[in-house]
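Before any comments, here is the structure.
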Amino acid sequence: MSSVWSFHFPNMFLWRLGQGMTAGRSLCNSQRIFTVFVQVSVQRTYASKQSEKKKARAFVDWRRVSVEGGKGGNGCSAFIREFGRPFGGPGGGDGGSGGNIVIKANKRVKSLAKVKSIYKAENGSPGRNNSCHGKNASHTVIPVPVGTCIKENGNVVIDLERNGDAVVVAHGGLGGKGNQFFLSNEDKAPTLATAGESGEKCVLDLELRTIAHVGLVGFPNAGKSTLLRAISRAQPTVAAYPFTTLKPHVGIIQYEDFEQVAVADIPGLIRGAHLNKGLGHSFLRHIERCCFLLFVVDLSVREPWTQVDDLMYELEIYQSGLSSRPHAAVANKMDLPGTSEKLTLLQEHVDMPVIPISAKEGRDVGMVINHIRELYDRDMAQVANQKGETENQSHKKTVLLEW
């Protein structure tokens with residue numbers, strides 16, 4: 001009896017132990033799968049609920065950049081050593097030139113976020129013996145968005161307004177001369193070789209200013225983003241709290257004659273914006289490039305006409321003549337009760353066209369689109385007249401010179 005028990009007990013124990021290990025392994029695998037599933041779902045939920053503030057971190061419209069051109073390669077001092085040429089003479093080659101720093105406007109770049117703080121171009125290769133010259137270094141190209149303004153010590157160097165515009169901001173140094181360069185009748189065996197020159201160095205300020213025909217200007221939560229969504233395909237964030245928009249959005253209005261007009265949603269300004277309060281100068285600069293402005297007024301406030309006065313004051317203090325550009329007032333939120341009386345008072349207090357709309361419901365939004373086209377056509381006609389006058393003056397000067 002004891003022998004039978006002693007024979008079966010180890011086998012049963014081992015069988016139970018194997019079953020337990022298999023169950024534990026499957027349990028561990030299921031726990032791992034569940035943990036990975038929870039982590040992926042949490043990450044997707046977090047990414048989908050990212051706020052506009054976190055998304056706007058990638059948008060940078062100002063950078064201070066230190067640039068330095070590459071150093072030129074040194075010249076070589078060497079002599080030719082070949083069979084049958086005991087007096088081969090000097091054979092040191094010149095050094096290669098250093099690379100330049102080039103800033104180029106690219107329409108595919110939308111922000112200055114990827115622009116580094118320090119750029120240094122490649123150095124030129126030194127010269128070698130047997131009259132071998134050094135290789136010129138390749139240039140370093142910094143892609144920036146269209147509409148980037150380059151400043152040095154507060155002064156504008158250049159304005160990159162079109163796609164493909166480029167400027168060399170730091171030239172590379174010239175390569176040094178080898179002793180072959182100094183060969184003359186007076187000195188048949190020169191040993192002089194010069195070092196390469198250092199590249200130019202400077203500190204620049206890059207400012208991005210949104211290029212658009214129309215600028216939507218207004219206080220926070222006035223309905224600018226809702227209006228831009230109603231008149232174009234742009235999708236800025238819309239919410240019931242102020243400062244929802246933290247970066248400029250540009251939408252395109254397409255007309256039946258295939259004409260396209262760009263409209264920029266400038267983030268909300270507040271009183272004292274010219275003193276850099278709120279978003280301040282960070283986004284006031286985006287209004288400088290707009291040909292005409294639309295003041296979006298919130299009719300739900302007690303005295304909506306004060307918003308227009310405050311906005312025009314802030315623009316004029318920031319830059320003289322900015323408030324005198326062609327403009328109109330868009331009276332938003334007409335769907336709210338009690339706005340008809342405020343609309344009448346607004347039309348009495350302001351000296352500009354007033355367009356009553358409800359951007360949320362899309363009511364009378366077509367009037368805004370038509371008025372934008374009128375302002376656009378008027379501006380294009382003025383530009384054409386100025387261009388024609390300039391051509392006439394240049395033609396007169398050419399005729400006088402020929403005479």
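The values are calculated or read from the model by the stated rules, or taken from the named source; none is laboratory data. These figures come from a predicted structure and were not determined experimentally. All Cβ positions, even for glycine, are placed from backbone atoms using ideal geometry, and neighbour counts span all protein chains on display.
Only one residue in LEU299, LEU345, LEU311, LEU315 is surrounded by fewer than 17 Cβ atoms within 10 Å (Cβ to Cβ), of a type outside the set (Ser, Thr, Tyr), touching a residue at least 12 places away in the same chain (Cβ under 8 Å) and farther than 30 Å from ASP257 by Cβ. Which one?
When all the criteria are applied, what remains is LEU345.
Quick grid of which residues meet (1) surrounded by 20 or more Cβ atoms within 10 Å (Cβ to Cβ); (2) touching a residue at least 12 places away in the same chain (Cβ under 8 Å); (3) not acidic (Asp, Glu); (4) not assigned by TED's automatic domain parsing to the domain that holds HIS371:
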site: ALA113; (1), (2), (3), (4): no, yes, yes, yes
site: LYS120; (1), (2), (3), (4): no, yes, yes, yes
site: LYS135; (1), (2), (3), (4): no, yes, yes, yes
site: PRO145; (1), (2), (3), (4): yes, yes, yes, yes
site: ASN155; (1), (2), (3), (4): no, no, yes, yes
site: GLU161; (1), (2), (3), (4): no, yes, no, yes
site: GLY178; (1), (2), (3), (4): yes, yes, yes, yes
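Could you list, in sequence order, the residues of segment 366-381 that are at pLDDT below 90 and either surrounded by 15 or more Cβ atoms within 10 Å (Cβ to Cβ) or within 15 Å of ALA222 (Cβ to Cβ) (or both)?
LEU375, TYR376, ASP379
Being modelled with pLDDT under 85 and under 26 Å from TYR376 (Cα atoms) narrows it down to one of PHE292, PHE283, so name that one.
Residue meeting the stated conditions: PHE283.
Kindly provide the set of residues from segment 324-333 that are buried (at least 19 other Cβ atoms within 10 Å of the Cβ) and under 22 Å from GLU374 (Cβ atoms), ordered by number.
Result: HIS327, ALA328, ALA329, VAL330, ALA331, ASN332.
Can you spot a residue in segment 287-301 that is in a helix (DSSP H, G or I), aromatic (Phe, Trp, Tyr), touching a helix residue (DSSP H, G or I) at 6+ places or on another chain (Cβ under 9 Å) and not assigned by TED's automatic domain parsing to the domain that holds GLU161?
Looking for residues that are in a helix (DSSP H, G or I), aromatic (Phe, Trp, Tyr), touching a helix residue (DSSP H, G or I) at 6+ places or on another chain (Cβ under 9 Å) and not assigned by TED's automatic domain parsing to the domain that holds GLU161, one finds none in segment 287-301, hence no.
Based on this model, can you work out whether VAL169 counts as buried (at least 17 other Cβ atoms within 10 Å of the Cβ) and either closer than 30 Å to LYS116 by Cα or not assigned by TED's automatic domain parsing to the domain that holds SER97 (or both)?
In short, yes.
Can you tell me how many residues within segment 100-155 are out of contact with any Leu (no Cβ under 8 Å at 6 or more places or on another chain), at negative phi and of a type in the set (Gly, Ala, Ser)?
Count: 9.
Quick check on segment 237-270: of everything there that is modelled with pLDDT of 75 or more, of a type outside the set (Asp, Glu) and assigned to a loop (DSSP other than H, G, I, E, B), which residue is surrounded by the most Cβ atoms within 10 Å (Cβ to Cβ)?
For segment 237-270, the residue satisfying everything is ILE266.
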